[in-house]
Amino acid sequence: MPGKTLVRKPFIRRTLAAAVVVAVTAGCSAQAADRASDPSDGKPDGGATAPSGASTPSAAPTPSPTPTPSRTPSPTPSATESERPEDAESSSAPPAEVLMAQGDGGNRVRKLQARLAQIGWFDDAPTGTYGPVTATAVRGFQGKRGLPVTGKTDTVTWQRLLAMTKEPTRAELEGKAVNKPKVELDPRCLNGRVMCISKTSRTLSWVVDGAVKSTMDVRFGSQYTPTREGVFSVFMKSRDHVSSLYDTPMPYALFFSGGQAVHYSADFAANGYKGASHGCVNVRDRKAVAALFDQVRNGDKVVVHW
């Protein structure tokens with residue numbers, strides 16, 4: 001028909017395919033430790049307004065005597081019924097006092113670090129210095145328990161931590177005894193072949209029909225490039241992968257969500273939890289992840305959970 005523009009579908013398909021390849025091969029890489037500030041959740045409340053129905057004609061009114069208007073004035077709201085800002089201010093709880101924050105140091109900070117280590121939020125030896133690593137651990141602890149995520153140890157955060165932990169031993173204060181939380185499988189990991197990845201215990205468990213075959217330490221993306229949570233499946237394996245975005249090696253990469261993959265990280269092996277990935281699940285045990293790579297197949301399930 002004259003004037004009608006034809007769209008070449010093969011060209012569109014080739015363009016979309018190229019975009020998918022670029023997104024996957026970009027991958028992720030290690031980055032520096034989390035910064036101190038925290039973004040807001042940014043999830044707006046939503047809802048739908050139900051459409052109003054058609055009005056129903058009312059029956060013819062029955063004549064009635066016209067009421068005589070009352071001349072009695074309506075009551076004036078009393079002081080207790082009206083808004084009084086001073087009452088609202090007095091009823092609100094005062095803000096929690098900050099006890100420790102970045103830049104602080106001393107034995108109390110060391111105890112904070114040791115207590116966080118008891119429940120798996122601090123994996124390095126206590127230093128007595130409140131730096132970015134400690135602030136990141138505190139943010140994780142706060143966010144998990146629905147507290148304001150500030151990275152600062154206030155009175156509410158400290159009391160919650162005291163209730164969940166015990167007085168650190170000398171060995172714990174010196175970093176010689178680190179207790180990690182018990183690895184608990186998510187119910188979604190109990191059937192089939194699953195890489196079950198816990199952000200709480202920071203572990204990856206290779207599970208086949210409910211039986212754990214191997215478990216290894218992992219780390220995740222920072223708050224700015226978080227590792228996605230949910231149920232996924234392995235869609236690509238790349239033994240000697242190199243990130244085209246960061247130009248860094250990602251050996252034994254098992255891709256499960258866009259450019260995010262489980263892979264070996266030399267940075268994690270060298271620096272531990274002082275850094276973070278750009279969203280990938282880093283493994284520091286090269287031998288363990290190499291064996292995992294040989295066992296996992298495309299289509300196997302991946303569960304990332306708290």
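The values are calculated or read from the model by the stated rules, or taken from the named source; none is laboratory data. Computed from a prediction, not measured in an experiment: that's the story for all the values here. Here Cβ is always computed from backbone atoms with ideal geometry, including for glycine, and neighbour counts include all displayed protein chains.
Quick look at the numbers
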{"read-out": "Wholly enclosed strands (runs of 3 or more DSSP E) of region 242-288 bearing at least 3 residues aromatic (Phe, Trp, Tyr)", "value": "249-257"}
{"read-out": "Residues located in region 215-252, provided they are within 28 Å of Val133 (Cβ to Cβ), among the polar types (S, T, N, Q) and modelled with pLDDT of 95 or more", "value": "Thr227"}
{"read-out": "Residue in region 247-266 that is within 18 Å of Gln295 (Cβ to Cβ), in the same structural domain as Ala288 (by TED's automatic domain parsing), over 19 Å from the mean Cα position of the chain (by Cα) and surrounded by fewer than 16 Cβ atoms within 10 Å (Cβ to Cβ) present", "value": "no"}
{"read-out": "Failed criterion for Glu172 (all others in (1) within 30 Å of Gly106 (Cβ to Cβ); (2) more than 19 Å from the chain's Cα centre (by Cα); (3) surrounded by fewer than 20 Cβ atoms within 10 Å (Cβ to Cβ); (4) of a type in the set (Asp, Glu) hold)", "value": "(3)"}
{"read-out": "Residue count, region 99-128 (criterion: in contact with a strand residue (DSSP E or B) (Cβ under 9 Å, 6 or more places away or on another chain), closer than 16 Å to Gln142 by Cβ and part of a loop (DSSP other than H, G, I, E, B))", "value": "1"}
